[in-house]
Amino acid sequence: MTKEELKKLEDNLWDSANTLRATGGIKSADYAVPVLGIIFLRFADNKYAVVEDDIKKEYEKHKGTRAEVSMEKLAIKHCGLYLSAESRYAYLLNLPKDQSLATAIKKAMEDIESHQDAQFQDILPTDAYAQIEANNAEILPELLKNFSDIPKNASGDVFGKIYEYFLGKFALSEGQKGGEFFTPTSVVKFIVEAIEPYKGKIFDPACGSGGMFVQSANFIEKYHKNRDAIRVYGQEHEQSTVKLAKMNLLVNNLKGEIRKANSYEDDCYKSENQFDFVMANPPFNVKGVKESTVKNDTRFTHYGLPKAKGKKDDKITDANYLWISLFATSLNDKGRAGFVMPNSASDARNSEYEIRKKLVDSGIVDCMVSIPSNMFYTVTLPATLWFFDKQKQDKEKILFIDARSVYTQIDRAHREWSEEQVQNLACIVKLRRGEGDVFLQTVADYIEKFQENLSTPLAMFTGYVEQYNALVLGLQNYANESKDKRKADKQKVLDDSGLLARLDVCEALKSVKLPNVKNIASFDVALLDNDKQHTVAKEIASTLESLQESIKTLTPKATVLLALFKEGEKLLRVKGDKSWDAGHKRGLESHMSLLKEKLDVLSYWESNIAWLQSRFPEAKYADVLGLCKLADREEYADEQDYSLNAGRYVGIALEEDNLTEEEFKALLLEKHEVLMGLNDEAHLIEKSIDKNVNILLSNK
């Protein structure tokens, strides 16, 4: 599925599900988990269907021998799930109306759980459907029908995106409370790309719905590794969210444990020095944690407690640094951590300053990334991503990235990082580690995408010209052939309009001279050579510019021709004549739209190539004004007094507007003078309005 198709499907599914909630009189809080349960059933059925034939073949092959294994065990081996006939989605979808669908769904989920080990028992929302059915018997059949619209051949990634989409939408509808279990996927993907959890134990002590774990598994598969190489461990204090997280693990066939726990009080896994990776998005700025709860726990006291000096009350000032300490102390000697914090934590003073100073001096702070506002569904607080690395080589340096200007606008209120923006930012972290091959591979991937999308627009230019010329010729011929059919009064109107004269001067277009793309098409992306990539990138930029200039030349002419046709529909009566072939008009409109769309795709991939190569031309890390800075101890300790705010280090990129500092100042002064003039004018208008109002009132 394309991104556009997936987005449309997600929106349609949400609209239908949400409408049913509204008509059924069910609160979102009571509706979210059951709907996610049905998505689970659809996802589970899809996964099972993919491997069903393999399961049957393997079973039949060993049936009756010593190597015979039950169908149930083979299913668990192949996809982590076994579905009986009564648990299949089609069975539930086609259940006779005289039977209770709520009961059937409950039995299906109980049957799925019965083949799982203890940790996956009682996690599916088996009892929630009876209430929905009692409120409105039409809701469950409609939900099943709506989710059956998901294509049977949809990949697991598609289901994962839909699942995450619904998590986010429910978070948004529930406000702050609902958002506790959801972290935007793009943020999680960047954290995963930055810490690179190829294998080992992953810990999230505020795991919510388990999104960090799922993205870790996706990361491993992306790089063709074995997801069995990781084992995940999560703690979550909300029981309903624990079940969501376990559903996520089950449907993604992830090995590990999720436990209901309050991480301030409970240490389910004896976490100190235990984990290869820690990832988390903990609750921000919690004020109610008691000092007595944590003061004897070295998970929190190793770097010091965030406690106001002189205060005798049993309260931690703010839990942000409790979480930071927990993440740091949970890492083993080679561990890495990535987590979300409010911006305020980067510069917090008093006891938090002392903790931060100890953390920085210990050498584990690897990277700090300022992210755009409005990245989260339920909070608008600006946030920062922190990264720890126990094995980093240069412990005296910290990488700062200001990514606040890097985002894709989803709607008026929300932003995200595109897949490519995640990769581009991750490349900075990896270049800092000396992983230049990752950078070159990313550029190669973009070049390959450009190659894959190049042939279609090239061919479409020829079709564009053909459709244009056919429409010109068709209109001219029609005008000549239909002249004897027109009455005198209609002919006069036509003559007065000048349409025929304008049609006569319309000329057919010559074929578009297309650029030679042989070098681009034949470029071997497997050659991870920086110089060769730069050479082909220049050709890509030149080719794209040539194609865009061609479309700029063609579009105005086509727009004029289509306007003539619209006028001709009325004056020549083209539209009502059965002898007229409207196909060329539709063809031209289609080519105009599609060609622009295809060139936009090419432009997208070229811009990503340029984004990376223009900033890191040697495929090596370099400080980039306004984006990234590798700061040494003198800068972060002496000059900035242990501030971890990226904006203090990276500066402002004035060259983005191709202006020198002097030019920028001159432009700023010019704009200020214009503003002052507008302000003076506004004051005069205010006085005039005030004067006129007083005159009107005095006359009354």
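Just so you know, all these numbers are worked out from the coordinates, no wet-lab data involved. Keep in mind that this is a model prediction, so the values were computed, not measured. Here the Cβ positions follow ideal geometry from the backbone for every residue, glycine too, while neighbour counts run over all protein chains shown.
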Margin query: Under 8 Å for C-alpha pairs, at least 6 residues apart: give me the relative contact order for the stretch 446-615, rounded to a whole percent.
Written below: 45 percent
Notebook entry, point to check: If R0 is 22 Å, what FRET efficiency do you get for Tyr59 and Tyr91 from their C-beta distance, rounded to 0.05?
Noted result: 0.60
Margin query: What distance in nm lies between label points placed 7 Å from Cα along the C-beta direction at Thr555 and Leu625?
Written below: 3.3 nm
Notebook entry, point to check: Stokes-Einstein at 10 °C, 1.306 mPa s, Kirkwood radius from Cα pairs: D for the stretch 315-417 in µm² s⁻¹?
Noted result: 108 µm²/s
Check: So how compact is the stretch 446-615: Cα radius of gyration and Dmax in angstrom?
Finding: 21.3, 73
Notebook entry, point to check: If amide H atoms are built 1.01 Å from N in the plane of the peptide, which residues on other chains or at least 5 residues away come under 5 Å of the amide H of Cys367?
Noted result: Phe387, Leu399
Notebook entry, point to check: Given H placed 1.01 Å from N in the peptide plane, which residues other than close sequence neighbours of Val278 have an amide H under 5 Å from its amide H?
Noted result: Phe203, Arg336, Ala337, Gly338
Item checked: From phi via Karplus (6.51, -1.76, 1.60), per-residue ³J(HN,Hα) for the stretch 396-401 in Hz, x at Gly/Pro -> 8, 10, 10, 8, 10, 10
Check: How do Lys585, Lys430 line up, fewest other C-beta atoms within 10 Å first?
Finding: Lys430, Lys585
Notebook entry, point to check: Hey, what do the phi angles of the stretch 412-419 turn into as Karplus ³J(HN,Hα) couplings, whole Hz, using 6.51/-1.76/1.60 and θ = phi - 60°, x for Gly and Pro?
Noted result: 4, 10, 9, 10, 8, 9, 5, 4
Check: By DSSP, what percent of the beta bridges with both residues in the chain are antiparallel, rounded to the nearest 5?
Finding: 50 percent
Notebook entry, point to check: Where a ≥ b ≥ c are the square roots of the eigenvalues of the C-alpha gyration tensor, would you call the stretch 177-310 rounded, which needs a/c under 1.5, or, failing that, prolate if a/b is larger than b/c, or oblate?
Noted result: prolate
Item checked: Spherically averaged projected area of the stretch 225-293 from its Cα convex hull (nm²) -> 5.9 nm²
Check: At q = 0.18, 0.24 Å⁻¹, what base-10 log of I(q)/I(0) does the Debye formula yield for the stretch 42-116 when every alpha carbon is treated as an equal point scatterer in vacuo?
Finding: -0.73, -1.06
Margin query: Which order do the peptides 383-393, 206-216 come out in when sorted by mean C-beta neighbours inside 10 angstrom, highest first?
Written below: 206-216, 383-393
Margin query: What does the extension gain come out to for Lys8 and Ser148, with contour length at 0.36 nm per residue minus their alpha carbon separation?
Written below: 48.9 nm
Notebook entry, point to check: Any idea how far the Cα center of the stretch 426-443 sits from the one of the stretch 252-329, in Å?
Noted result: 33 Å
Checklist line | Translational diffusion coefficient (Stokes-Einstein; Kirkwood radius from C-alpha pairs) of the chain at 10 °C, 1.306 mPa s, in µm²/s | finding: 53 µm²/s
Notebook entry, point to check: Taking Rh as the Kirkwood radius computed over C-alpha pairs, what is the Stokes-Einstein D of the stretch 580-653 at 10 °C in a medium of viscosity 1.306 mPa s, expressed in µm² per second?
Noted result: 96 µm²/s
Notebook entry, point to check: Given R₀ = 35 Å, FRET efficiency for Leu696-His672 by Cβ-Cβ distance, to 0.05?
Noted result: 0.45
Notebook entry, point to check: Do any GluC sites (Glu not before Pro) in the stretch 337-441 lie in a DSSP loop with no more than 16 other beta carbon atoms within 10 Å, and if so, which?
Noted result: Glu396, Glu435
Next item on the list: Work out, step by step, the length gained on full extension between Ala508 and Val51: first 0.36 nm times the residue separation, then minus their alpha carbon distance; give nm to one decimal.
Entry: 158.9 nm
Next item on the list: Normalising by the residue count of the chain, find the relative contact order in percent from Cα pairs under 8 Å and 6+ residues apart.
Entry: 10 percent
Item checked: Within the stretch 332-368: backbone nitrogen closer than 16 Å to the Glu272 label point (7 Å, Cα to C-beta) -> 332-333
Item checked: Table column - 3J(HN,Hα) (Hz), the stretch 551-563, Karplus curve with 6.51, -1.76, 1.60, x for Gly and Pro -> 5, 5, 6, 6, 4, x, 5, 5, 5, 5, 4, 5, 5
